[in-house]
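Trainee: Structure provided below as structure tokens; questions to follow.
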Amino acid sequence: MSRRDAAAPTLTTGGPTRGADEPGLPGRGSQPEPLHGWRVTLPGGLLRTARPKQWLKNLLVFAAPGAAGVLSEARPLARASLAFVVFCITAAGVYFLNDAIDVEADRRHPKKYNRPIAAGVVGVRLAEVLGGLLILGGVGLSTVLGWKMVVVMAVYVAVQFAYSLYLRHEAILDLAAVATGFVLRAIAGGVATGVPISQWFLIVAMFGSLFVVTGKRSAEHSALGADRAAHRPTLARYSLPFLRYVLALTSTVAVTAYCLWAFESQKAAKGGIWFQLSIVPFGLAVLRYAFLLDQGQGGSPEDVVLGDRALQLLGLAWVVIFALGVYG
């Protein structure tokens with residue numbers, strides 16, 4: 001047993017002491033529910049550390065082949081699905097290692113102290129071993145999809161390690177590193193299925209990702225208050241006005257690039273107005289997400305998406321309209 005394992009608490013049911021009006025996550029003055037039931041078991045802790053909710057991000061591998069209209073064919077669909085599995089396995093390994101590295105900072109965080117490793121449900125050494133095995137397994141499985149996919153996964157893992165060890169402490173670079181993970185997922189879908197990726201698609205993916213990541217930082221900045229530097233050093237260097245500027249810039253570029261991509265796609269389709277119509281739910285979804293950020297949400301993007309019905313309906317409308325443009 002490592003020293004860190006020996007020092008870990010057996011269970012965390014409370015949290016850092018704060019005044020009633022001090023900020024917390026996800027809302028002001030709120031505390032996460034105490035751990036109980038299956039969550040305090042080793043299998044439950046391992047599952048929670050793998051972050052199933054965050055596997056939603058891996059659906060980005062279907063974006064490029066979906067936009068190209070090849071998901072109706074068996075082989076591209078199977079290869080895109082395998083790419084999804086590869087990212088789920090590899091990303092889970094990254095989460096295990098990141099939580100092992102961040103264990104002390106997580107114990108000081110008003111919400112993350114209930115994470116399995118910080119709470120002592122999963123040992124640090126076990127997390128390190130499982131994380132390494134999952135990453136090796138994911139990269140190994142990517143060989144089935146060809147050497148280009150292996151390169152994408154190797155870059156993804158390298159960026160994640162660089163972020164954990166260095167980039168997370170550098171302002172701006174930390175935002176870019178996290179956003180790169182989203183973009184690599186989108187690129188992986190094109191690589192796995194042999195679909196060429198539009199320059200506008202990449203711009204939308206990059207700046208849309210920066211928008212989401214900056215929103216997360218903005219929520220953390222407000223929620224952690226004066227303690228933010230203890231959890232994430234770059235938060236002490238960002239001001240809220242600067243983060244709001246980045247949100248405005250990235251959302252503007254993402255929406256503009258999407259419009260240009262939609263017009264370009266419509267010309268290639270030679271008929272119909274579905275691609276242009278898809279601009280409406282896309283733009284409204286960006287505005288809705290920005291509104292939720294302004295309401296203090298965004299610390300967990302997956303919870304925002306899963307918890308807001310209006311955002312889900314806009315997303316569904318976009319998928320239907322865009323699909324009509326591609327397959328109609």
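Trainee: From the list 192, 176, pick out the single residue that is under 19 Å from the mean Cα position of the chain (by Cα) and hydrophobic (A, V, I, L, M, F, W, C). Break it down into steps so the answer makes sense when it comes.
Mentor: Details: 192 fails: under 19 Å from the mean Cα position of the chain (by Cα).
Of 192, 176, the one residue that is under 19 Å from the mean Cα position of the chain (by Cα) and hydrophobic (A, V, I, L, M, F, W, C) is 176.
Trainee: Give me a count of the residues in region 273-328 that are at pLDDT below 90, at negative phi and not in a helix (DSSP H, G or I).
Mentor: Residues in region 273-328 being at pLDDT below 90, at negative phi and not in a helix (DSSP H, G or I): 6 in total.
Trainee: From the list 234, 252, which one is outside the structural domain of residue 145 (by TED's automatic domain parsing), over 30 Å from residue 326 (Cβ atoms), β-branched (Val, Ile, Thr) and part of a helix (DSSP H, G or I)?
Mentor: Details: 252 fails: over 30 Å from residue 326 (Cβ atoms).
Of the residues listed, the single one that is outside the structural domain of residue 145 (by TED's automatic domain parsing), over 30 Å from residue 326 (Cβ atoms), β-branched (Val, Ile, Thr) and part of a helix (DSSP H, G or I) is 234.
Trainee: Same structure, new question: Here's a check for you: in region 143-197, which residue that is polar (S, T, N, Q) and in the same structural domain as residue 61 (by TED's automatic domain parsing) is farthest from residue 302 (Cα to Cα)?
Mentor: In the first step, residues of region 143-197 are kept if they are polar (S, T, N, Q); the result is 143, 160, 164, 180, 193.
Now drop any that are not in the same structural domain as residue 61 (by TED's automatic domain parsing), which leaves 143, 160, 164.
Numbers: 143: 29, 160: 19, 164: 21 Å.
Among those residues, the one meeting the criterion is 143.
Trainee: Can you name the condition, by its number, that residue 131 falls short on among (1) in a helix (DSSP H, G or I); (2) out of contact with any Gly (no Cβ under 8 Å at 6 or more places or on another chain); (3) of a type in the set (Gly, Ala, Ser)?
Mentor: Answer for residue 131: the failing condition is (2).
Trainee: Filter region 296-316 down to the residues that are free of Cβ contacts under 8 Å to residues at least 12 places away in the same chain, over 24 Å from residue 225 (Cβ atoms) and surrounded by 13 or more Cβ atoms within 10 Å (Cβ to Cβ) and list them by number. Write out each step before concluding.
Mentor: Just the residues of region 296-316 that are free of Cβ contacts under 8 Å to residues at least 12 places away in the same chain, to begin with: 307, 309, 312-313, 316.
Filter once more, so that each one left must be over 24 Å from residue 225 (Cβ atoms): 309, 312-313, 316.
Correct list: 312, 313.
Trainee: Starting from region 162-177, take each residue that is crowded, with 19+ Cβ neighbours inside 10 Å and list its partners that are basic (Lys, Arg) and at pLDDT below 90, counting only C-beta distances under 6 angstrom and pairs at least six apart or across chains.
Mentor: The qualifying pairs are 174/168.
Trainee: Could you tell me how many of the residues in region 46-60 are loosely packed, with under 15 Cβ neighbours inside 10 Å and either aliphatic (A, V, I, L, M) or free of Cβ contacts under 8 Å to residues at least 60 places away in the same chain (or both)?
Mentor: Pass one, region 46-60, residues loosely packed, with under 15 Cβ neighbours inside 10 Å: 52-53, 56, 59.
Those still in the list that are either aliphatic (A, V, I, L, M) or free of Cβ contacts under 8 Å to residues at least 60 places away in the same chain (or both) too: 52, 56, 59.
So the count comes out to 3.
The values are calculated or read from the model by the stated rules, or taken from the named source; none is laboratory data. Owing to the predicted nature of the structure, the values given are computational and were not obtained by experimental measurement. Every residue, glycine among them, receives a Cβ derived from its backbone with ideal geometry; neighbour counts consider all protein chains shown.
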